[in-house]
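Nothing in this text is a laboratory measurement; each read-out follows from the coordinates by a stated rule. From a predicted model like this one, the values you see are computed outputs, not experimental measurements. Neighbour counts run over all protein chains shown; Cβ positions are idealised from the backbone, glycine included.
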Amino acid sequence: MLLYAVCLTCLPCWCLAQQNKLVVNPPDPITVKRGAAATQVLKVTVLPGFHVNSDKPKAEYVIPLRLTWSDGPVEVKSVVFPKPEEIKVGPDLLTVFTGSFEIRTDLKAADNAAAGSATLNGKLRYQACSNDMCFRPASIDIHVPVVIE
């Protein structure tokens, strides 16, 4: 019975800890001509009071922010993150993102790409932290509408 009471007391806290601390705006559609380049800009917001580790963390033990794309209608040439800020947490100096920022993906459509509509699918993986604790790593699926002309 005591175990049941403890579970009922702790379960709401565990559920709150699992909620997203990061929000991604729905991506704008991309239109690109065959053989041409395009840029996709992902707008991300970390909720107040939290940060996510940068894509190039200084500490080996932290989980970096990663944006990966599946093979799709266009070729991914590069993913460019903004310059992170540095914060001191305990004895460690961490590189992190806070607030709103953008991640840019440079794309290219093949010369022989099929004209029409498609979807570019990706995944944004992150670990959100406060100054007191880090939460379990999480991922957000990204779906970008692409029109190839």
> Normalized C-alpha radius of gyration of the chain, against 2.2 N^0.38 Å?
Replying inline: 1.28
> Going by the alpha-carbon gyration tensor, a ≥ b ≥ c the square roots of its eigenvalues, is the stretch 88-149 rounded (a/c under 1.5) or, if a/c is not under 1.5, prolate (a/b greater than b/c) versus oblate?
Replying inline: prolate
> Against the longest alpha carbon principal axis of the chain, how many degrees, from 0 to 90 and to the nearest 10, is the axis of helix 2-18 turned?
Replying inline: 30 degrees
>> Viscosity 0.890 mPa s, temperature 25 °C: give me the Stokes-Einstein translational D for the stretch 47-96 in µm²/s, with Rh taken as the Kirkwood radius over C-alpha pairs.
In response: 193 µm²/s
>> Using DSSP to call loops (not H, G, I, E or B), can you name the trypsin sites (Lys or Arg not before Pro) in the stretch 44-85 whose Cβ has at most 14 other Cβ atoms within 10 angstrom?
In response: Lys58
